[in-house]
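These notes concern the structure reproduced below.
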Amino acid sequence: MESVYRILGERKPRKLKARQARKLAAAPSAIPLPPLPAIADARFLLPGNADYATYLPLHNKRNDVAPALRIVCTSTQAVSDCVKWVRDNNLPLALRCGGHCYEGFSQSAGVVIDLRRMGLVTVDAARKMVTVSGGANLGKIYRAVADKGFAFAGGSCPTVGVAGHALGGGQGLLGRRFGLACDNLLSIKIVDANGVIKVADAVNNSDLFWACKGGGGGSFGVATGFKFRIHELTHVRTFRIGWKFPNTGAGRTRAAQVFDAWQKWAPSAPRNITAIMKVQKASDGQLSLRVIGQSTGSRAELESELNTHLIVRPPTSALEIVRKTFMAAIESFAGSFDYESTYMKAKSDFVTTPLTAAAMQTLFTGLLAIPAGHVAALCDPYGGAISDVAPSASAFPRRGANTYCIQYYSRWANAADTQTRLQRITNVYDAMRPFMPGKAYVNYCDIDQANFAASYWGGNLPRLKQVKAAQDAANFFRHAQSVPLP
Ligand SMILES: Cc1cc2nc3c(=O)[nH]c(=O)nc-3n(C[C@H](O)[C@H](O)[C@H](O)COP(=O)(O)OP(=O)(O)OC[C@H]3O[C@@H](n4cnc5c(N)ncnc54)[C@H](O)[C@@H]3O)c2cc1C
């Protein structure tokens, strides 16, 4: 199976080199700090301290910033005390879990409250529930629940942090079957701007709970613990199939037949089946359409669905279906469990009405106009269990039965390529504007989105703003795309 986020022909990302990390660690900070307090379970790391550089790596090197102070907390009480100290001293603050934010909202030149050492994951098999500390990553949750015969519904990258992921929604290969990560949230422990430790669930602090299911990270407080519903599941079937079409009018028309079949089927397919479409330029210059996915149902159902609805043209890479354990599937879609640092950029669109022929051709032309390995369109079908939840029942609004998300995605190895890559992804995205309703995914945050709040939250924005005002009237928890005050 192939990793969801690999682009054909891309250069392999490299880990942050020790030299780069040392250079960042040595960079003088412009933010003056008051004397540091003594807080139990809080470790204060200043530039030059042993371990300061160890905590620097983040996923997107485009956002590298060395904080004046990183506070590594190991208890909720420590988080509470640190929040009060940061607030009383009026310091700029960011919250860091897995560090995978596309635009670096977990980075700050001031203070970072870092939860990565709060990584406890405890499975309660009898109650079909997992309790997760606020700094755990998805890989740790997957391993813990899989050991007990369960699955957790979340995204494909194991080093993504639970906090940023679940607060923004959290879509993955089990989303159509079991819902988003946030749909499975039973309760959340959160430290507010006054340092008060709150528990939010369907009954207590229910407005805050509503906002934490899709409102995004870094707006309402520091999430230090989560309880999620988990699902009995030991085995799945992964599948893949691929087509290549020449870059000619006829080739692109045939590609559109396949894409059209996918978009009219995948978001409304039986909820056992999640079929992700990847469109990209192959290194031989042809247009590549690959469908990779997973089913929790039978092989017969999967074959019948694919043959009836998707395989409208003979594939170039034949259909491959493999039964494997849930954990083996996670590993194969992940590619790696190592923490990867790379340069990347993404933009997104939610599609609610199938793309027209003109829109599909615009997408193909845009991707074919740039070198192979530079930009891919990763299309995730929603619908299924995600559409069982009403759009206003949680802050995450994209609940339509025929919805899918296009993620325009690029990653590269060298800083020198950044401007070119940003321009290329922008070109592909801009060309699609006339065809798109302007709805984007907060977990694929994009700093270029001027109208980000309406794009991410649509009709839920007014209520989100009210919750923000009730929870954090001084806008203490903020970043460039946090929920605005009314
Ligand atoms: C390689 C890769 C694969 C991905 N795959 C998927 C996928 O399959 N499905 C999907 O839905 N998304 C996916 N994402 C997007 C991912 O869900 C978001 O980037 C998410 O916000 C990352 O969370 P984090 O904790 O790792 O990031 P961080 O950078 O640590 O934080 C992200 C945001 O949350 C805030 N935050 C961090 N910790 C806390 C906390 N404890 N309390 C409150 N706020 C906090 C930060 O301030 C920031 O705004 C992927 C991202 C990458 C880079």
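Odds and ends about this structure:
- Dipole check for the chain: with +1 at the C-beta of Lys and Arg, -1 at the C-beta of Asp and Glu, and the Cα centre as origin, the magnitude is about 660 Debye.
- The chain shape via C-alpha gyration tensor axes, a/c threshold 1.5: prolate
- Structure note, pairs Lys439/Lys468; Lys189/Lys324; Lys189/Lys439; Lys61/Lys439; Lys84/Lys189: Cα-Cα distances above 24 angstrom occur for Lys189/Lys324; Lys189/Lys439; Lys61/Lys439.
- A quarter of the convex hull surface defined by the alpha-carbon atoms of the range 406-486 gives 6.6 nm² as the mean projection.
- Counted charge near Glu2, where neighbours are those whose Cβ lies closer than 9 Å (Asp, Glu -1; Lys, Arg +1): +4
- Counting other Cβ atoms within 10 Å as a rough exposure proxy, the listed residues Thr224, Thr238, Thr248, Thr418 run Thr248, Thr418, Thr238, Thr224 from fewest neighbours to most.
- Around Ser75: net Lys/Arg minus Asp/Glu count, Cβ-Cβ under 10 Å: -1
- Computed E for Leu485/Ala38 - FRET, C-beta separation, R0 25 angstrom, nearest 0.05: 0.15
- Counting beta carbons within 10 Å around each of His59, His374, His309 and listing the fewest first gives the order His309, His374, His59.
- The range 325-454 shape via C-alpha gyration tensor axes, a/c threshold 1.5: oblate
- Equivalent-ellipsoid semi-axes of the range 236-335, from the Cα gyration tensor, Å, largest first: 24, 16, 10
- Rounded to the nearest 20, the Cβ-based charge dipole of the range 235-451 about its Cα centre (Lys and Arg +1, Asp and Glu -1) stands at 300 debye.
- Placing unit charges on the Cβ atoms of the charged side chains and taking the dipole of the range 235-451 about its Cα centre, the candidate lying farthest along the positive direction among Pro397, Gln449, Pro354 is Pro354.
- Taking other residues whose beta carbon is less than 14 angstrom from the beta carbon of Arg313, and scoring Lys, Arg as +1 and Asp, Glu as -1, yields +3.
- Considering the range 235-451, its Cα convex hull presents a mean projected area of 12.6 nm².
- Calculated [θ] (222 nm, deg cm²/dmol) that DSSP helices of n ≥ 4 give over the chain, each run adding -39,500 (n - 2.57): -7500 deg cm²/dmol
- Sequence of Val312, Val72 once ranked by neighbouring C-beta atoms within 10 Å, starting from the fewest: Val312, Val72
- For the chain, DSSP calls about 90 percent of its internal beta bridges antiparallel.
We did not get these values from a lab; they are worked out from the coordinates using the rules stated. Owing to the predicted nature of the structure, the values given are computational and were not obtained by experimental measurement. Neighbour counts are summed over all protein chains in view; Cβ atoms, including those assigned to glycine, are modelled from backbone coordinates with ideal geometry.
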